[in-house]
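The values are calculated or read from the model by the stated rules, or taken from the named source; none is laboratory data. Worth saying up front: this structure is predicted, and the values here are computed from it rather than measured. Cβ atoms come from the backbone with ideal geometry, glycine included; neighbour counts cover every protein chain shown. These accessible areas exclude ligands, DNA and RNA; they are computed on the full protein's heavy atoms, side chains included. Shrake-Rupley method; radii C 1.70, N 1.55, O 1.52, S 1.80 Å.
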Amino acid sequence: SLALSQHEQAREYLLKMRNLFPEDDRTNLALAKVGESFIAEGRFAEGVEVLATVIHEYPETDGEIIARLDIARWAAQNDKLAESQGMKPYEEFLDPGLAYRYIVAQYPENSLSHVARLRLGELLYEQHRYAEARSFFDQLIVLQVDPEIRSVAFDTLRKLLFDELQSYFKQQNFAAMVALQEQYGTNFL
């Protein structure tokens, strides 16, 4: 109960930032943390409500991007979240694919968009949409991307290529196999 009390006090302080320092660059991030804390406790409706507030009140900030990423991640992990009571007003944020594409399109230069690219690539890979997924992983294996994100993208891309080649082999689409090997080289595969 002590930890819960501390969480509530921290949330109250962070929520006060919204009233006391609405223009401060950290307020949007503080509110995003509040939303994350609610969701971490399983209080999805409250968490999504706070994150949606960040999106609406602090557009074009890192807080907005984080809020969109958080909602999309939890929606992807909880496919019934969109059907939950109280989620109807937030359904525009609950489609992970749309959320990640929005971030990539609206904030291509922001380093947080790399997270969206990675998650979108993973989502497309799970759906066996290999060519689309590859396009996002390809964007992440350049030097300017955070090394951890680049490493995950590289490892996932290798698995994807193996699965894609296997799919082509089953279909006896040898021309596509050769094209893929030429594109990525035998050393990469």
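Approximating the spin labels as points 7 Å out from Cα along Cα→Cβ, the residue 40-to-residue 169 distance works out to 4.4 nm. Per residue, the chain exposes 59 Å² of solvent-accessible protein surface, assessed with a 1.4 angstrom probe and all protein chains in place. Residue 26 contributes an accessible area of around 150 Å² to the protein surface, as traced by a 1.4 Å probe with all chains present. For the range 74-120, the residue among 99, 77, 113 whose Cα projects farthest onto the positive side of the dipole built from Cβ charges is 113. Volume per residue for the chain equals 143 cubic angstrom (convex hull of Cα atoms). The calculated Kirkwood hydrodynamic radius for the range 130-189 is 12.0 Å, given to one decimal from all distinct C-alpha pairs.
At a 1.4 Å probe radius, carbon and sulfur cover how many percent of the accessible area of the range 105-179? Spell out each step's value before the answer.
Values: 2420 of 4390 Å².
Result for the range 105-179: 55 percent of the exposed heavy-atom area is carbon or sulfur.
The relative contact order of the chain, computed from alpha carbon pairs under 8 Å that lie at least 6 residues apart in sequence, is 10 percent. Solvent-accessible surface (1.4 Å probe) assigned to residue 12 amounts to roughly 110 Å². Partner lysines whose Cα lies under 17 Å from the Cα of residue 33, excluding those fewer than 8 positions away in the same chain, are identified as 16. Setting aside same-chain residues fewer than 8 positions from residue 88, which lysines have a Cα under 22 Å from its Cα? Within the straight-line limit of under 22 Å, residue 88 reaches these lysines: 80.
Would you kindly state how much longer the chain becomes between residue 141 and residue 78 on full extension, computed as 0.36 nm times their sequence separation minus their alpha carbon distance, in nm to one decimal?
19.8 nm
Ordering 21, 154 by accessible surface, largest first, gives 21, 154; the 1.4 Å probe counts only protein heavy atoms, with every chain in place.
Available extension along the chain between residue 91 and residue 151 is 18.4 nm, counting 0.36 nm per residue and deducting the alpha carbon span. Given q = 0.19 Å⁻¹, what are the Debye log10 I(q)/I(0) values for the range 90-155, with equal point scatterers placed on the Cα positions and solvent ignored? Log-scaled intensity ratios, in q order: -0.67. Each helix, a run of at least 4 DSSP H residues, gives -39500 (n - 2.57); summed and divided by the residues of the chain, these come to -24000 deg cm²/dmol at 222 nm.
To the nearest 0.05, what FRET efficiency results for residue 112 and residue 49 with a Förster distance of 35 Å applied to their C-beta separation?
Between residue 112 and residue 49 the formula returns 0.95.
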